[in-house]
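To keep things clear, I will list the structure first and then write my remarks on it.
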Amino acid sequence: MARPIICNSMAEAVSDIPDGIQLLVPGFGPGTPHNLLTALFNTSVKDIHAVVNGVGFPSAATDGRKSLGDLIAQGRVRKVTAAFTAPTHPSQQSIAAEMIRTGKMEAELVPQGTLAERVRAGGAGIPAFYTPAGVGTLTATGKEHRDFNGRTYVMEEAIFADYAFIRAWKADTAGNLIFRLAARNFNPIFAMGAKHTIVEVENPIVPAGELPPDQIHTPGVVIEKLVQIPPDGFFRDVPRA
């Protein structure tokens, strides 16, 4: 098994990404791969189909950090598959929501648990599954329905994307990953749900064998590239250990 490529910079890690990709972006704040998103923003990559929990807003940071919201605001995201496409409060204004409303960006709204399971199924090689979530709502329109034990279920197709950006707390040179606290939201699932998985790592990458085997959350077999967040990186969720 080939070891992951350890890149010297975020820019190097995203340098060969083409236009038109489907991209998995995890995170609820903690666990968001801010540095890789910033590096992608600094390229010319466009026509992205982003699979994400929420579309968010352009970054308000003054350190150069960018978010998926910045890519959306530049018109470089053609479609989002997300659990949340609107602001959490009616008084908030969202560029993404306005672009969806006016037809400038396509949106597929998916229940949050269904979104997670679609990606998990894709990583496991399962093409589709049945779920009761969304039955009787617009999210189930046009999809196959079946009854099991007297209850109606809707069929959802798996997602297996082109690329996934992942943020790990610790990693070794074999690509084995450990996530910290809330960063274990979508990261372990999304890491296995793409052809090319690129990981930004908070702590120094250690030699294979140094991480306790029973603490590994994601095995290195699914990881293609690792890149160390530099000391002057844009953002860290937690202090380095």
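Read-outs throughout are calculated quantities, based only on the coordinates presented, and are distinct from any laboratory measurement. Predicted, not measured: the structure shown is a model, and the values here were computed from it. Cβ atoms come from the backbone with ideal geometry, glycine included; neighbour counts cover every protein chain shown.
A Förster radius of 30 Å, combined with the Cβ-Cβ distance separating residue 196 from residue 101, puts the computed FRET efficiency at roughly 0.40.
Within a 10 angstrom radius of the beta carbon, how do 167, 76 rank from fewest other beta carbons to most?
76, 167
The ellipsoid that matches the Cα gyration tensor of region 18-72 has semi-axes, each √(5λ) in whole angstrom, of 17, 14, 9, with the longest given first. Of the peptides 123-136, 206-219, the order by per-residue mean of other Cβ atoms within 10 Å, starting with the highest, comes out as 123-136, 206-219.
Take the Cα of residue 74, step 7 Å along the line toward its Cβ, and report every residue of region 29-48 whose backbone nitrogen sits under 17 Å from that point. Hits in region 29-48 for residue 74 at 17 Å: 33-48.
Distance from a point 7 Å along Cα→Cβ of residue 141 to each backbone N in region 66-108: keep the residues under 18 Å and list them by number. Flagged as within label range: 80-86, 100-108. For the chain, adding -39500 (n - 2.57) for each run of n ≥ 4 DSSP H residues and dividing by the number of residues yields -4500 deg cm²/dmol at 222 nm. The Cα center of region 36-77 and the Cα center of region 174-235 differ in position by 21 Å.
Cα-based values for the chain, radius of gyration first and Dmax second, are 18.1, 57 Å.
Measuring r between the beta carbons of residue 108 and residue 5 and using R0 = 30 Å, the FRET efficiency lands at 0.40.
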